[in-house]
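Here is the structure we will look at.
The values are calculated or read from the model by the stated rules, or taken from the named source; none is laboratory data. All values derive from a computational prediction rather than experimental measurement. For neighbour counting, all protein chains shown are included, and Cβ atoms are generated from backbone atoms with ideal geometry for every residue, glycine included. Keep in mind that these areas ignore ligands, DNA and RNA; they rest on the heavy atoms of the full protein, side chains included. Shrake-Rupley method; radii C 1.70, N 1.55, O 1.52, S 1.80 Å.
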Amino acid sequence: MQGLQAQSHNGAARTVIVGGSTGIGAALAVAFARRGNAVAILARREDALLATASAVRNAVPNALVTIVVHDVAARDRVDAAWDACERALGGPIDRLVYCAGTMPKVALDEFDTTKDAAMIETNFLGAIAWCNRAARSFLASKSGQIVGISSVAADRGRIKAPGYAASKAGFVTYLESLRNRLTRHGVSVVTVKPGFVDTDMLKGVEGTFGVMSPDACAHAIVRACERRRQVVYVPWWWRFVMLGIRATPSFIFRRLNV
Ligand SMILES: NC(=O)c1ccc[n+]([C@@H]2O[C@H](COP(=O)([O-])OP(=O)(O)OC[C@H]3O[C@@H](n4cnc5c(N)ncnc54)[C@H](OP(=O)(O)O)[C@@H]3O)[C@@H](O)[C@H]2O)c1
């Protein structure tokens, strides 16, 4: 596959977006459909998936879009969901975007293993299950693209949301290993690290700046996929913000309220 120019057997690239009911995933569904992709969107809420499918059809009237209700915690259902996407889209999947994620509010004096485990389950274990499924198919076809939506939060352990940061850092490392395994077989692996994006997840989060719209974020991600980028910050300037944050010595960083 050559980025968005990829063509499946009936002429359209087939893109699966896990976590496509709202926010960045929903915007990606529209953005990939605009680029001629047939799109399958998966998440738990059927009403939100149907609304996103309507938005795709409104934007691209002849788009092929399908929904699959799926909870990423049900890792034994990944194969069945993958097959359902292929049946609905009419052939092999060309691109997986793993976008599902949760970030519940965690107080600074809260150390709640149940909450952390739920984040690891959705943000990391579900991601592994889906990326592994894609990797098996793409390795066999020596083509395809895996796109993982991580976060700038992966770059440094901050006092806020340790479980979230750890889940996203784990995903980044997993994607790097997949890239090192699969690039030589013609498979592209794109790691995306968004900054602040105006979605349900950001509601109630304090101290945000440079907030981006989901559509602008999706546009940047689609361009990164087209270019077969390896690791991309969205917007681009977060690369330099995080360079500074990573370079801050620990004795200073642990005194900061970030
Ligand atoms: N917004 C930001 O500032 C920001 C910044 C950096 C990274 N990100 C990442 O971007 C991704 C998308 O988040 P968003 O900002 O677009 O927030 P969002 O609107 O809350 O989207 C989260 C998506 O994940 C899905 N999801 C959550 N739990 C799931 C589960 N158990 N099974 C299946 N799907 C599940 C949700 O669908 P259902 O609830 O319908 O299942 C929804 O489609 C996340 O991975 C997030 O960590 C966001």
Three principal axis lengths of the chain [C-alpha, angstrom, descending]: 57, 40, 34
Accessible carbon and sulfur surface of the chain relative to its total accessible area, %, 1.4 Å: 54 percent
So which chymotrypsin sites (Phe, Trp or Tyr not before Pro) in the range 60-116 pass both tests, a DSSP loop state and at most 14 other Cβ atoms within 10 Å of the Cβ? Phe111
Distance between Cα centroids, the range 199-258 to the range 174-193: provide it in whole Å. 20 Å
Value at 222 nm in deg cm²/dmol, rounded to 500, when DSSP H runs of n ≥ 4 in the chain each add -39,500 (n - 2.57): -13500 deg cm²/dmol
Relative contact order (%) - criterion: Cα under 8 Å, at least six apart; region: the range 1-147: 25 percent
For Ile120, solvent-accessible area (1.4 Å; no DNA, RNA or ligand), Å²: 50 Å²
Placing each pseudo-label 7 Å from Cα in the direction of the beta carbon, Asn62 and Glu226 end up separated by a distance in nanometres of 2.0 nm
Once label points are set 7 Å from the Cα along Cα→Cβ at both Ile245 and Asp83, what is their separation, rounded to one decimal in nm? 4.2 nm
Taking springs between alpha-carbon atoms closer than 10 angstrom, which of Pro235, Pro92, Pro61 fluctuates most in the Gaussian network model of the chain? Pro61
